[in-house]
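Encoded as structure tokens, the structure appears first; notes follow it.
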Amino acid sequence: MPAASPVRVPPVALILIAAFAAAAGLWLGGRWLRAPAPPALASAVLYPAPRELPEFHLTTSDGRPLDRAAWRGRWTLVYFGYASCPDVCPTTLATFKQVWQELARRHLDDRVRFDFVSVDPERDTPERLASYVAFFDRDFVAATGSDAELTHLTRALGLIYARRSDANGAVTVDHSGSVVIIDPQARLVGLFRPPFAAAAIAADLATLVDRPG
């Protein structure tokens, strides 16, 4: 009995089969490798991807270094202001005091920290900063540094500040009102924008600290 002749597949068909297999592989790979969807948040604004931060060097009110390494291991909220601020700074700190109380109720306050960084280093001495921030919550961290370091850091975080004096020597400080969000890898991941709602912020932080990765 003569051997059966091999079946010849037309070249066009081979191309179509290969294209279909490649498309199927990409589709399956996409299903398995697709990044998890961002969490549903009520108040926080997350960036599409975390942003690496440069090294920086500030000093806390009790003399400890505040640098990028200090932001590793926990979620960190950072607000830039000054102790003589007449309105937005105390209002913001009062709101985040409420946030901290809610986080403590949920037993999450040990996984988050709040840093208040003064952009008025000449007037905000360590003693003044410590007293000012402790009035709102003793767990809050107060820090400042040179204008060179403050400018370096605020620019990396997408924030701004400026100081000016009038003819009478009165100092006015302008600064961004957002609170930035730093993840446990010390990367910038998003921010909270005013007006701040304590309940919504606390709920968002609970979602963030509990998500995998």
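Report whether or not Trp71 is in contact with a Lys or Arg (Cβ under 7 Å, 6 or more places away or on another chain), surrounded by 14 or more Cβ atoms within 10 Å (Cβ to Cβ) and in contact (Cβ under 8 Å) with a residue 12 or more places away in the chain.
Spelling it out, it is not the case that Trp71 is in contact with a Lys or Arg (Cβ under 7 Å, 6 or more places away or on another chain), surrounded by 14 or more Cβ atoms within 10 Å (Cβ to Cβ) and in contact (Cβ under 8 Å) with a residue 12 or more places away in the chain.
Rundown of residues vs (1) within 19 Å of the chain's Cα centre (by Cα); (2) modelled with pLDDT under 95; (3) small (Gly, Ala, Ser), yes/no style:
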| residue | (1), (2), (3) |
| --- | --- |
| Val88 | no, no, no |
| Leu103 | yes, no, no |
| Asp124 | no, no, no |
| Ala130 | no, no, yes |
| Asp139 | yes, no, no |
| Thr144 | yes, no, no |
| Glu149 | yes, no, no |
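Counting only residues that are among the charged types (D, E, K, R), out of contact with any strand residue (DSSP E or B) (no Cβ under 9 Å at 6 or more places or on another chain) and not in a helix (DSSP H, G or I), region 70-102 holds 1 of them.
Could you say whether any residue in region 103-111 is in a loop (DSSP other than H, G, I, E, B), surrounded by fewer than 19 Cβ atoms within 10 Å (Cβ to Cβ) and free of Cβ contacts under 8 Å to residues at least 12 places away in the same chain?
Of region 103-111, the ones in a loop (DSSP other than H, G, I, E, B) are 106-108.
From what's left, surrounded by fewer than 19 Cβ atoms within 10 Å (Cβ to Cβ): 106-108.
From what's left, free of Cβ contacts under 8 Å to residues at least 12 places away in the same chain: 107.
Among the residues of region 103-111, at least one is in a loop (DSSP other than H, G, I, E, B), surrounded by fewer than 19 Cβ atoms within 10 Å (Cβ to Cβ) and free of Cβ contacts under 8 Å to residues at least 12 places away in the same chain, which makes the answer yes.
Which residues, taken from region 164-176, are surrounded by fewer than 18 Cβ atoms within 10 Å (Cβ to Cβ) and modelled with pLDDT of 95 or more?
Going through region 164-176, the residues surrounded by fewer than 18 Cβ atoms within 10 Å (Cβ to Cβ) turn out to be 164-172, 174.
Within region 164-176, Asp174 is the sole residue that qualifies.
Trp100 fulfils the conditions (1) free of Cβ contacts under 8 Å to residues at least 60 places away in the same chain; (2) closer than 25 Å to Glu55 by Cα except for a single criterion, (2).
Tallying residues that are more than 15 Å from Ala200 (Cα to Cα) and in contact with a helix residue (DSSP H, G or I) (Cβ under 8 Å, 6 or more places away or on another chain) within region 83-107 yields 2.
It is to be established whether one or more residues within region 54-63 are within 19 Å of Leu191 (Cα to Cα) and surrounded by 15 or more Cβ atoms within 10 Å (Cβ to Cβ). The answer is no; no qualifying residue exists.
Among the residues that make up region 119-127, is at least one of them touching a helix residue (DSSP H, G or I) at 6+ places or on another chain (Cβ under 6 Å) and surrounded by 20 or more Cβ atoms within 10 Å (Cβ to Cβ)? Scanning region 119-127, I find at least one residue that is touching a helix residue (DSSP H, G or I) at 6+ places or on another chain (Cβ under 6 Å) and surrounded by 20 or more Cβ atoms within 10 Å (Cβ to Cβ), so the answer is yes.
Surrounded by 14 or more Cβ atoms within 10 Å (Cβ to Cβ), small (Gly, Ala, Ser), more than 25 Å from Asp210 (Cβ to Cβ) and touching an Asp or Glu at 6+ places or on another chain (Cβ under 8 Å): is that true of Ser43 in this structure?
Criteria not met by Ser43.
Note on region 33-69: residues that are in a helix (DSSP H, G or I) and at pLDDT below 95 amount to 1.
The values are calculated or read from the model by the stated rules, or taken from the named source; none is laboratory data. The model shown is predicted, which means the values in this text are computed figures rather than measured ones. Glycine gets a Cβ as well: all are built from the backbone with ideal geometry, and neighbour counts include every protein chain shown.
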